[in-house]
1. Would you say ILE18 is part of a helix (DSSP H, G or I), exposed (fewer than 10 other Cβ atoms within 10 Å of the Cβ) and modelled with pLDDT of 95 or more?
2. Please tell me if VAL36 is within 18 Å of the chain's Cα centre (by Cα) and at pLDDT 75 or above.
Amino acid sequence: MLLAIAALIYLGLALGVILVVDNLVGLVFRDPRAPVQPSFFDIGRAFIASQKLYRK
């Protein structure tokens, strides 16, 4: 049982490291063919604005 939990934690950490490295490489080497994606700040501002409109 303990071995299964350790294996799941190991796989989770490995996938997390892969995602972090992939995002860092994506920041340095941008694909010119890829569409420009909005930043998280813009998404946050849009979410806050939609919440303000919903409350009125």
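1. no
2. On the way: within 18 Å of the chain's Cα centre (by Cα): yes; at pLDDT 75 or above: no.
For VAL36, the condition - within 18 Å of the chain's Cα centre (by Cα) and at pLDDT 75 or above - is not met.
The values are calculated or read from the model by the stated rules, or taken from the named source; none is laboratory data. All figures in this text were calculated on a predicted structure; none of them were measured in a lab. Heads up, the Cβs are rebuilt from the backbone with ideal geometry, glycines too, and the neighbour counts pull from every protein chain shown.
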